[in-house]
Structure formats: C-alpha cells, structure tokens
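The values are calculated or read from the model by the stated rules, or taken from the named source; none is laboratory data. If you're wondering where the values come from, they're calculated on a predicted model, not measured in any experiment. We place every Cβ from the backbone using ideal geometry, glycine too, and count neighbours over all the protein chains shown. All accessible areas refer to the heavy atoms of the entire protein, side chains included, with ligands and DNA or RNA removed. Shrake-Rupley method; radii C 1.70, N 1.55, O 1.52, S 1.80 Å.
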Amino acid sequence: MSAALEQPVTLHRPPRPLADRVAPAAAPRWSVEDVQALFELPFYELLHRAQTIHRENFDPTLVEFATLLSVKTGGCPEDCGYCPQAARYDTGVEASKLMEPAEVLAAAQRAKDAGATRFCMGAAWRAPKDRDIEKVAELVATVKALGLETCATLGMLEDGHAETLRDAGLDYYNHNLDSAPDFYGDIISTRDYQDRLDTLGRVRGAGVKVCCGGIVGMGESHTQRAGLIAQLANLAPYPESVPINHLVRVQGTPLAEQAPLDPFEFVRTIAVARITMPLARVRLSAGRQQMGDAIQALCFLAGANSIFYGDKLLTTGNPDTQADLDLLQRLGLKPGQPVPLNQQALA
Ligand code: SAM
Ligand code: DTB
Ligand code: SF4
C-alpha cells in the first residue's frame, strides 16, 4: 500500500468564516504536501474520492455549457508565454478593436439558442481603462438581458471597475492564477502573482463571483501543479468557478514546443480540484479538442461539471457543438446549471 493510502488525506476540513475579499487564508487549509498526496493516490482511488465528493454536492449528470467570445482580440502588451494574443509573438492572430454591442448580442443569442447558459467575454488587455470598462458594461447588460449568466475576462482591474461591471449585471469575473507562484515567473514577466491576487480581491470585494483557475502542461513540476491547486483552494472563499485549462500549444509562442503532459495527469488535476473545492463548478476548459473523448469522459468522472461550448475558444479551436451534444448523450450526461445540493457558503 502506498504511503498516501496508509495516511489518508483529510478531505473534509472545518469551514472557515467567510472573508469578504479573496486572499490566501491565514492558516491555509490545504498544504501543497496534502494536495500532492492526493495527486499521488492510485488513479482509481483518486477518481473514486473525487466522484464521491462530486455526488455529495451536485447532480452528477449535469454539465454547464459556457460559450466564449473574444470581444477584443490580440495586440496585447503582456508576455504570457502560452498566449497567442500577445503582440510580441508571431502567431498569426490579428489584432482587432472592441466589438460593437449588436455583434455581441447576435453571438450571445446564437450561444443561447445552441444551449449555452453562460456567456464569457474575453478581451486581450493587460488592464482595461475606465472607458473600456464603460463599454464592456454595456456589453454585459446586453448579454444579461438575454437571460444568460455573464462572465468577463479583461485583465487586471482597478478600484471601482468590478463595481461598474457588477451594476451592469456581471455574474462572474474570470482572472486565472495560471500556475503555482514559484513557476509563474518562468511563464510571465510583465505582471506578478500579487497583481493577480489584487484583482481577485477587487472582484470578490464587489460581490462578483470569482472564476479562477489555471493552465497545466506548461512544463511545471508535480509539486508546482499541486501548488496551483493549493493556491486556488486556499483562497478564502475559494472560487465559485474553476477553469482547468490544458495548454494549447500555439506556433509562435514560447511554449509551442512544450512536451505533452501525460493525459492522466490532467485528469488527476481535475479530480484534485473537485476534492479541494467541492462546491465549485470545475470547468474542463482549453485543450478538449486535442484530448479525445475518452479523456474527457474521465474528466467528467473526476468531477468536471462545466465545459466551454462552441467551436472556438478565444482564438483557437474547440469541439463543435454537435460533437459535444453527442458526447454528453453517449455518456448519459445533460446540459444544465449545476447547483450545489447543499447551499452552504464556499468557505
Ligand atoms: N487578458 C486577460 C487576462 O490575461 O487575464 C483575459 C484573457 S486571457 C486569454 C484568459 C486566460 O486564457 C489566461 O489567463 C489563460 O489561463 C488562458 N489561456 C490563454 N492562452 C491559452 C493557451 N494557449 N492554452 C490554455 N489556456 C490559455
Ligand atoms: C479560461 O480559463 N480559459 C479560457 C477563458 N478562461 C477565457 C480561454 C482559453 C484560451 C485558449 C487559447 C485561445 O483560444 O486563444
Ligand atoms: Fe494578454 Fe491575457 Fe494573453 Fe496575457 S493571457 S498575453 S494578458 S491576452
């Protein structure tokens, strides 16, 4: 028997009082070692634990459909090593201006008609200016009026920005930690980890739900993968929505030739996210097109209950909608909004 099985990891920690801002908890609930011990469990033991926790908290047949739209593409001044939209990399992505409300409305209506319940607008900004926020607020209000859940990912926010977006009807703000703090500097140099935590704090402080996850397969170590999940799980409260992206290797970016990750490691990451953040929507995010149906099926077994739905992510491909509907049907899953069975706070 492995050491991890001889010394079972405590899965249910006492709830912590709700903080009004996202911050690493003073006494972290999850040490990196505890999270790593989960990663190191035998694969089926890990999946069993994750599936058990998933069933305790959600209808396990429901999968959220979130559709992405890049409302402002490319030309970004940042140097995120994975990103096709950074101006400094020659990736063939053309920069464009912020889309008009009518175009966004049409795209959101198509997403709704196709079965999406959440619509996420992404902009390739380092940090939006006040006038950008005003314009995006108009887009948010337009999408919200269709009855869709709204999400935006616009980069770093200043004081007041999250409040303006909230007042326009923003449900979630996506801002990813992306990696463990000790790997972050290998991937991005133009902003630091604390900048990300500060933006998350502003989002939480405004009462907008937090969508925050990361990317795996960027060359991080096992411990660093555990470090990313520990960071997310120790946010107080932890995010309502946790996108786990597999790196999409894009020609022209520094990570274009990154060695592929063992797909079971990706499944393990989903499982560990489910165990450590039991009430979150865990989204099987970028990388599904390269993954194949069987690995996706294992991700759902591991507790993923959300996907990006639509044939495009921001600039790269995603499975087409019919393929996803077919996959869910083959697995006996159905589109819907997973709501925690026990409505306790994400403490
Ligand atoms: N510019 C804003 C920002 O960085 O916060 C919002 C858009 S940015 C493209 C949103 C997220 O997409 C990134 O934080 C990253 O996690 C993810 N992403 C970007 N390129 C990716 C890639 N090639 N593979 C996987 N995820 C990627
Ligand atoms: C997230 O975590 N993943 C999405 C969304 N949030 C904005 C973006 C994935 C982008 C993949 C690369 C691209 O299509 O440009
Ligand atoms: Fe810019 Fe966001 Fe891409 Fe980084 S991830 S280069 S901030 S668009």
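Points worth noting:
- Of 162, 273, 141, the one that fluctuates the most in a GNM where the chain has Cα springs shorter than 10 Å: 141
- Distance from the range 62-83 to the range 184-198 (C-alpha centre basis), Å: 17 Å
- Computed with every protein chain present, the accessible area of residue 88 is close to 130 Å² [probe 1.4 Å].
- Overall form of the chain per C-alpha gyration tensor (a/c, 1.5; a/b vs b/c): rounded
- The range 235-269-the range 119-182 distance, computed between alpha-carbon centres (Å): 22 Å
- Rounded accessible area per residue of the range 225-347, 1.4 Å, Å²: 35 Å²
- The range 87-101 versus the range 290-347: alpha-carbon centroid distance in Å: 28 Å
- The modelled label-to-label distance for the pair residue 87/residue 158, using points 7 Å beyond Cα in the direction of Cβ, is 1.9 nm.
- Simple label model, 7 Å out from Cα along Cβ direction - residue 333 to residue 146, nm: 2.3 nm
- FRET efficiency, 1/(1 + (r/R0)^6) with R0 35 Å, evaluated for residue 265 and residue 103 via beta carbons: 0.35
- Residue among 190, 253, 316 with the largest mean-square fluctuation in a Gaussian network model of the chain, springs linking Cα atoms under 10 Å: 190
- Within the chain: Cβ-based charge dipole about Cα centre, in debye rounded to nearest 20 (Lys, Arg +1; Asp, Glu -1): 600 debye
- Here the accessible area of the chain is 51 percent carbon and sulfur, with a 1.4 angstrom probe and all protein chains present.
- Check: the range 43-148 dipole with +1 on Lys, Arg Cβ and -1 on Asp, Glu Cβ, in debye: 120 debye
- Accessible area of the range 63-211 divided out per residue, in Å², using a probe of 1.4 angstrom: 39 Å²
- Scanning residues 5 or more positions from residue 63 or on other chains, those with amide H under 5 Å from its amide H are 334, 336, with H placed 1.01 Å from N in the peptide plane.
- Note, ³J(HN,Hα) from phi for the range 133-150, Karplus 6.51, -1.76, 1.60, rounded to Hz, x at Gly and Pro: 4, 4, 5, 5, 4, 5, 5, 4, 4, 5, 6, 4, 5, 7, x, 8, 5, 10
- Close amide H pairs (under 5 Å, H built 1.01 Å from N) link residue 70 with 122, residues at least 5 positions away or on another chain.
- Unpaired by the 4.7 Å Cβ criterion, cysteines found in the chain: 76, 211, 212, 299
- The residue among 151, 317, 122 whose Cα reaches farthest toward the positive pole of the charge dipole of the chain, with charges on the beta-carbon of Lys, Arg, Asp and Glu, is 151.
- Cα-centred dipole magnitude for the range 90-218, charges only on beta-carbon of K, R (+1) and D, E (-1), debye, nearest 20: 360 debye
- Between 232, 41, 170, the residue with the greatest mean-square fluctuation in the GNM of the chain (Cα pairs under 10 Å linked by springs) is 41.
- Extended-chain gain in nm, criterion 0.36 nm per residue less alpha-carbon gap, residue 189 and residue 131: 18.2 nm
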